[in-house]
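Below you'll find the structure, written out as structure tokens, and then a few comments.
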Amino acid sequence: MPGCGKSTIGRAVAKRLALRYVDCDAAIELRAGCSIAAFFEANGESAFRELEANVLESAVHDRDSMIATGGGVVLRPSNRELLRARTRCVYLRASDALLWRRLRRDRRRPLLQVKDPQERLRRMSVEREPLYEQTAHVVIDTDGISFQRLVDQVVHCLQPAAT
């Protein structure tokens with residue numbers, strides 16, 4: 001989900017395991033030549049999801065990398081299949097309350113720029129939770145866990161795949 005810590009944790013894990021770090025959202029912005037919010041506004045969600053799938057397809061070819069995807073990447077069955085087959089996918093599960101605390105002032109996420117962003121976040125969580133669980137090889141609950149402990153847990157889960 002947005003706000004669960006994918007980018008921050010992913011960057012730290014990549015450093016610890018000496019892997020290349022790929023942030024799919026940053027790669028999308030680089031390809032699009034604008035922010036995700038601007039791309040979304042100009043082209044819509046469907047075009048964004050197509051670009052996101054293309055970026056993911058490119059990212060998974062480097063086996064020595066840590067990839068932080070966008071939270072909606074699981075909405076496409078082909079993305080789920082790709083993540084399941086070509087990666088060791090970790091789902092950082094966070095409660096709706098924690099996500100809302102982290103995101104309530106965030107104005108960069110197009111899907112949350114609605115009249116009731118907290119309700120939208122809750123609906124996104126309900127829709128995506130089963131998809132995350134279906135895709136992930138490992139699920140880590142993040143609520144109440146320190147940053148360092150989360151990094152340690154992800155490293156531990158990935159160590160056999162990284163050696």
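Summary table below
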read-out	value
Subset of the stretch 1-44 [at negative phi and without any contact (Cβ under 8 Å) to a residue 24 or more places away in the chain]	LYS15, ALA26, GLU29, LEU30, ALA32, CYS34, ALA38, PHE39, ALA42, ASN43
Top-ranked residue of the stretch 1-36 - restricted to ones that are aliphatic (A, V, I, L, M) and surrounded by fewer than 16 Cβ atoms within 10 Å (Cβ to Cβ), ranked as farthest from THR69 (Cα to Cα)	ALA18
Residue within the stretch 116-126 that is closer than 19 Å to ILE9 by Cα and either exposed (fewer than 15 other Cβ atoms within 10 Å of the Cβ) or of a type outside the set (A, V, I, L, M) (or both) present	no
Residue list for the stretch 27-45, restricted to those being modelled with pLDDT of 95 or more and either under 15 Å from the mean Cα position of the chain (by Cα) or within 30 Å of SER146 (Cβ to Cβ) (or both)	ALA27, ILE28, GLU29
Neighbours by Cβ (under 8 Å, 6+ apart or cross-chain): first from the stretch 105-127, touching a residue at least 40 places away in the same chain (Cβ under 8 Å) and farther than 18 Å from GLU45 by Cβ; second among the small types (Gly, Ala, Ser) and surrounded by 12 or more Cβ atoms within 10 Å (Cβ to Cβ)	none
Filter result (without any contact (Cβ under 8 Å) to a residue 40 or more places away in the chain and in a helix (DSSP H, G or I)) within the stretch 52-78	GLU52, ALA53, ASN54, VAL55, LEU56, GLU57, SER58, ALA59, PRO77, SER78
Selection from the stretch 125-154 of residues that are outside any strand (DSSP E or B) and among the charged types (D, E, K, R)	GLU127, ARG128, GLU129, GLU133, ASP143, ARG149, ASP152
The stretch 128-163 - residue that is in contact (Cβ under 8 Å) with a residue 24 or more places away in the chain and of a type in the set (S, T, N, Q) and, of those, farthest from LEU111 (Cα to Cα)	GLN159
From ALA68, ALA94, ALA53, residue being surrounded by fewer than 18 Cβ atoms within 10 Å (Cβ to Cβ) and either at pLDDT below 95 or on the phi < 0 side of the Ramachandran plot (or both)	ALA53
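So that you can scan it fast, the table gives a plain yes or no per residue for (1) hydroxyl-bearing (Ser, Thr, Tyr); (2) closer than 19 Å to ASP96 by Cα:
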position: PRO110; (1), (2): no, yes
position: GLU119; (1), (2): no, yes
position: SER125; (1), (2): yes, yes
position: LEU131; (1), (2): no, yes
position: THR135; (1), (2): yes, no
position: ILE140; (1), (2): no, yes
position: ILE145; (1), (2): no, yes
position: LEU150; (1), (2): no, yes
position: HIS156; (1), (2): no, no
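The values are calculated or read from the model by the stated rules, or taken from the named source; none is laboratory data. All values reported here derive from a predicted model rather than from experimental measurement. In this analysis, Cβ positions are derived from the backbone assuming ideal geometry, glycine residues included, and neighbour counts consider all displayed protein chains.
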